[in-house]
Amino acid sequence: MIRKDVDLYPAYLSVAFIRSANAVFIVSLTVTFPSLSAGVQGFLLAVYSVAEALSGLASGALYEILGLKFSLAIASSMLVVIYLLMGISSSILELAVLNAIAGFAASLILVSSLSAVAEGTRGASRKRIFGVGGFEASNLGGYALGFSLAGLLEILGVLSGFTVSAILAMLSLISSLLVREVVARRGFINYREFYSVSKRSLTLIPMWFGFAVILGVGFLSPKIIKELNLGIPLPFTSNIGKGEEGVVGSYVANPSIGLFLILALVGVAGGIMLGSLIAAKIGKERSLLLGTFSLPIALIVLGLTYKELFVFLPLIILLATPALTIPPTLLALLADYTDNMRRGPSAGVYVTTLGIGIGIGEILGGRIFDTAGFGPLSYFLALMFLALSLPTSIYVTRTSSRYSDG
């Protein structure tokens, strides 16, 4: 099926709501089951990410069969039922199985939304860059919304069970029903196409994987800041779910994660839209080259100056800002490379790469920091990203004549 005239705003809303639901689930798990060990909680959260990553290709095939509206509606309905069932679950195994299914549903929503954004912006390069930038901003902004909502509800003493996550999933379902999708059918359907991945899109994987690894390490940043004892004001490095005083009360008592993470997610989500503006102005090829070198330089400077972070923070932000062009540019190129084929499977590869990269970043980043410290971690990330992104940038630059930024 070839989809035309798709209204993208309901897709953005669905992505934001399901990410918010997952963020609320993360906090609700701690509040509802305070006796769970950190290891068990980590396992329960990991099954979601693993299932989401491994479901990419299957989600792409389902999108090609069902279309955007039905994909979003079915996945959102699954999440509503899953979160309600979690409220009556009595074992860790039941929670793990349900959360794994939730990961698959999230994958279907992400892949379907990204594919629809690519289709809805066909033939308009600048619109495409802003379209995929909005998708990524909804992805990260949804997490920020969820963590903020969970913190407020815990302060009010009404965060227990997983009803709030179910309500957010219901809002995603309502959003999916607002999708207006005009579908033009082909006379012959080759079902092998449902699992066919664009070979050109595979050239984007190294750079996207490197960025995902850094993003995974970024999720550890509140913990790292606490361990380094940099003297950052406690309200900005607070801990979600620790202490009897609740989330906001624990902002002063237990610095490590919380408001810092919320502000970081909001900042990155907004920054990606700024990155979309930069990419639209200078073109996709230049954006990738700029990001290829600016991010490693920023990481190296961060590793050299982190002990005086407040002094050098403006410089680090200035150096890192061009790197915010990377997500919208890579996603726009993915859309370019799949304009003449089914998009679902290639979008599924994006979701798989993102999930695996974040997971590796969380594990590898923590181990390097524990054994070698923050400086070597920053240098490793800089060299790793440079080595992975250069091949992608070179390939895109050499083939730029085939794509227009008009």
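The values are calculated or read from the model by the stated rules, or taken from the named source; none is laboratory data. Given the structure is predicted, the values throughout are model-derived calculations rather than measurements. With ideal geometry, Cβ positions are generated from the backbone for all residues, glycine too; neighbour counts draw on all protein chains shown.
Descriptive notes on the structure:
- Hits in the range 267-310 (condition: within 27 Å of Ser20 (Cβ to Cβ) and crowded, with 18+ Cβ neighbours inside 10 Å): Val268, Ala269, Gly271, Ile272, Gly275, Ser276, Ala279
- For the range 61-114, the tally of residues that are in contact with a Gly (Cβ under 7 Å, 6 or more places away or on another chain) and in a loop (DSSP other than H, G, I, E, B) stands at 1.
- The lone criterion from (1) at pLDDT 90 or above; (2) in contact with an Asp or Glu (Cβ under 8 Å, 6 or more places away or on another chain) left unmet by Leu315 is number (2).
- Qualifying residue in the range 39-60 (condition: in a helix (DSSP H, G or I) and touching a Pro at 6+ places or on another chain (Cβ under 7 Å)): yes
- Glu193 meets the conditions (1) of a type outside the set (Lys, Arg); (2) under 26 Å from Val81 (Cβ atoms); (3) exposed (fewer than 15 other Cβ atoms within 10 Å of the Cβ); (4) at pLDDT below 90 in every case but one. The failed one is (2).
- Condition check for Asp336: under 30 Å from Gly283 (Cβ atoms) and either charged (D, E, K, R) or not in a helix (DSSP H, G or I) (or both): yes
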